[in-house]
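Asker: Below you will find the structure I want to go over with you.
The values are calculated or read from the model by the stated rules, or taken from the named source; none is laboratory data. Here the structure is a predicted model, which is why all the values come from computation and not from measurement. In this analysis, Cβ positions are derived from the backbone assuming ideal geometry, glycine residues included, and neighbour counts consider all displayed protein chains.
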C-alpha cells in the first residue's frame, strides 16, 4: 500500500476545488498548479501550496506533463489527481506519473489507451459482448471504403472522430448525396481538434436518451456500478442538465445496463472510477457509446443519490485499498439534478463570454449543492472551458429536486460575463423536461437548429434599474457632503429635478425619466410612452434591494458600476444596462477614431487587412479564437486601414488595440 500524504491536482477551476475539499477532509496536504492566467484563481488560494507552471493557454500550462511532474517533485507530492479534461485521459501521462514513482489517481495506462480510441474500444466491446450500435470501425480509412460502409449500414449515418469527443468531428448524414462533403468536413475537424483524422461510422440512433453508468473497480477483483445518470439535455453535444436516476429506468433495465458496464470495465482490466456511456432508444434497447476513463463532471448527482464520495473512493482505490462493498451494498435514494453554468451567451448561439466577475453569490437552501471555481473579482479567461459552476439539487422525488434546482438558479447571482442562467431556468420549466421525456434532441426541438435564447427587460425592470441607478448615485453624493444635517438631506427650494436615463440603443432607444417624490426614497418613473410608475426603495444591502413598485413588493439583485452602468437580476434573468446618454459621447468618439479593440482575451487566428487597404462597414478585419470558438471582428465604419498593430497567432487581451482605421470623410 502506498499512502497519499500530499496530493497534487493537475487541473484548475471547480474540479480542483472539489478534489481539494475531499483531500483535506481525509487529512491530506494539497498542492495546486496554475498558469499565468490563473495566478489569482480560487483553486490556487485553496491549496496548501501552489506552483506556477507558466503560460496562459492550456498548451503552455495544464497540458505540459513535464512541468506538472516537476511541480509534483518540488512540493513533495505522493500522488497526482488529473481531474477531468486536460491530461486526465492521456495514457502517456499516466505512465510518466507511475514511472516517476508517484500514484496516478485513475486507471492504468492500458485501460486509458484501450478506451481512448473509439474504433479500438468499440472492437473490444463487440468482442466482450457489450451491445454496440451497428457501424464501421475498420482500419481502412479511404473515402471509398467509408462510403461503401455507409451504404451497407444505411442512412441516416453518424460520422465520428475516432480519437476524440466533445462533438468535434461528429456529423449526421441524412442521405447518400451529402456523404462525401460531410465526410471531408468531419475529417478536417478531427485532424484540427485531435491531430488524427481517423473516423468511425455508426447507424444514427435518432432521438435517443444519453444514459451512462458509473462504474468503480479496485485491485482486489471488485467491479461494481453505482447506478445511472441521464445526460440527454445537451447543446452542441455538450451536456447541460444531468440527473440520477434516469426518469424511464426500470429495475430490470438498470440491472442489464449495469451488468454491461461492469462487463466493459472487466474487459480492459479497469481500476478506479469510470463511466460507460450508452444510447437508449424508445424501445429500451441500449448501445455502447464510449467509456470515459476518469471522474465525470456530473458525478455529484451520483454522490447525492448513493451517499458516496466518489473522490474519496478514488483516493482509497489509488492507495491499493479495497472498495469494501459489494453490488448489494449500493442503494439509490431520492433524485438529484445538476445544471452546468456556462459563461456563454445563449442569445448569440451560446458563444463563449469572458471577463471579470463583478459579483458572485452562490445560492443556498435545503438540498442544494454548489461546485464552483470562481469568486467576486476573479477572471473568466478565454483559454479554458467555459463552464464556471455547477448547481445540484437533491429531493425525495424528481419534482422536488427540479423545483429546488429552479429556485437555486433564480437565487444565483453572477454579474460580469454573460451566462446561460436564464436558459437553464427555462429548460427546467419545459413540459418535456418536467415530464421526464427529454432526449438528445431536446435543445434542437425546443430552441431550433441554431439555438438562440434572449430576454428583454420589461418596463418594470427598466424602471427599477433606473431608480437604483439614481438612488445609489444620490446616496454616494450625500455621503460625500459635509456638515449637512440629516433633516436637510435631499431638500431643495425648487421642485425636484428629473434625471434622464436611456437604457436602450441607437436603433431602439428607451428614454427614462426619474423624479424624486417628497417622501423619503420614493420616485416616480416614466419609461418611454408607458404610464408613470411609483417606485419606493425599502431596503438596500449586500447588492440586494427590496422595492415597492405600484402595489407590489419585489426583491432584486443589482450592482451599480460607475456613472453609466448597472447589472440587474430579476428572477433568473440578468440584464447589463448602460445609460446611452452618458456613454454616447464616448462611443461616438471611439467610432470616429476608428480604433478596433479586442472584445475579449484570445488568440488571433487571422488578420485579414493590411495597412492602406480601403474597407467598408461590415468588412472582415480579423478572427479571434477564445474558449475554442472563433469570433469574426468586422469594421464599424468606412475608411482606410491606418495601422495594423497585431499579427496572426498573437495572444491579445480584452481591450487591446488591434487595428486603426482612418474614417472616410463625409
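Asker: Is there a residue being farther than 29 Å from residue 84 by Cα, over 32 Å from the mean Cα position of the chain (by Cα) and not in a helix (DSSP H, G or I) anywhere in region 160-173?
Answerer: no
Asker: So is residue 315 under 30 Å from residue 46 (Cβ atoms), touching a residue at least 40 places away in the same chain (Cβ under 8 Å) and either over 16 Å from the mean Cα position of the chain (by Cα) or not assigned by TED's automatic domain parsing to the domain that holds residue 227 (or both) or not?
Answerer: Answer is yes for this residue.
Asker: Also, I was wondering about something else. Condition check: under 25 Å from residue 637 (Cβ atoms) and at pLDDT 90 or above. Does residue 559 satisfy that?
Answerer: no
Asker: A further question follows. Can you spot a residue in region 281-295 that is over 18 Å from residue 118 (Cα atoms), crowded, with 22+ Cβ neighbours inside 10 Å and under 21 Å from the mean Cα position of the chain (by Cα)?
Answerer: There is at least one residue in region 281-295 that is over 18 Å from residue 118 (Cα atoms), crowded, with 22+ Cβ neighbours inside 10 Å and under 21 Å from the mean Cα position of the chain (by Cα).
Asker: What residue, of 226, 185, is in the same structural domain as residue 170 (by TED's automatic domain parsing) and either at pLDDT 95 or above or farther than 22 Å from residue 341 by Cα (or both)?
Answerer: Residue meeting the stated conditions: 185.
Asker: Run down 114, 92, 124 and say which single residue is assigned by TED's automatic domain parsing to the domain that holds residue 67 and touching a helix residue (DSSP H, G or I) at 6+ places or on another chain (Cβ under 8 Å).
Answerer: 92
Asker: Does region 143-176 hold any residues that are surrounded by fewer than 17 Cβ atoms within 10 Å (Cβ to Cβ) and under 21 Å from residue 113 (Cα atoms), and which are they?
Answerer: Within region 143-176, 166, 167 qualify.
Asker: Which one of these does residue 196 not meet: (1) touching a helix residue (DSSP H, G or I) at 6+ places or on another chain (Cβ under 8 Å); (2) at pLDDT 90 or above; (3) surrounded by fewer than 20 Cβ atoms within 10 Å (Cβ to Cβ); (4) over 23 Å from residue 284 (Cα atoms)?
Answerer: (2)
Asker: Output the qualifying pairs, or none if there are none: Cβ atoms under 6 angstrom, residues six or more apart or on different chains, first residue in region 246-257 and on the phi > 0 side of the Ramachandran plot, second residue surrounded by 18 or more Cβ atoms within 10 Å (Cβ to Cβ) and part of a loop (DSSP other than H, G, I, E, B).
Answerer: none
Asker: A follow-up question, please. From the list 396, 431, which one is without any contact (Cβ under 8 Å) to a residue 12 or more places away in the chain and at negative phi?
Answerer: Among 396, 431, only 431 is without any contact (Cβ under 8 Å) to a residue 12 or more places away in the chain and at negative phi.
Asker: Shifting gears a bit: Of the numbered conditions (1) outside the structural domain of residue 15 (by TED's automatic domain parsing); (2) out of contact with any strand residue (DSSP E or B) (no Cβ under 8 Å at 6 or more places or on another chain); (3) part of a helix (DSSP H, G or I); (4) farther than 24 Å from residue 276 by Cβ, residue 73 satisfies every one except a single condition; which is it?
Answerer: Unmet for residue 73, out of (1) outside the structural domain of residue 15 (by TED's automatic domain parsing); (2) out of contact with any strand residue (DSSP E or B) (no Cβ under 8 Å at 6 or more places or on another chain); (3) part of a helix (DSSP H, G or I); (4) farther than 24 Å from residue 276 by Cβ: (1).
Asker: Oh, and also: Please verify whether residue 463 is buried (at least 16 other Cβ atoms within 10 Å of the Cβ), modelled with pLDDT of 95 or more and in contact with a helix residue (DSSP H, G or I) (Cβ under 7 Å, 6 or more places away or on another chain), treating the condition exactly as stated.
Answerer: no
Asker: Which of the following residues is under 23 Å from the mean Cα position of the chain (by Cα) and surrounded by fewer than 23 Cβ atoms within 10 Å (Cβ to Cβ): 22, 6?
Answerer: Exactly one of 22, 6 is under 23 Å from the mean Cα position of the chain (by Cα) and surrounded by fewer than 23 Cβ atoms within 10 Å (Cβ to Cβ), namely 22.
For (1) closer than 28 Å to residue 281 by Cα; (2) modelled with pLDDT of 95 or more; (3) crowded, with 18+ Cβ neighbours inside 10 Å; (4) not assigned by TED's automatic domain parsing to the domain that holds residue 60, each residue gets a yes or a no:
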position: 335; (1), (2), (3), (4): yes, yes, yes, yes
position: 348; (1), (2), (3), (4): no, no, no, yes
position: 368; (1), (2), (3), (4): no, yes, yes, yes
position: 388; (1), (2), (3), (4): no, yes, yes, yes
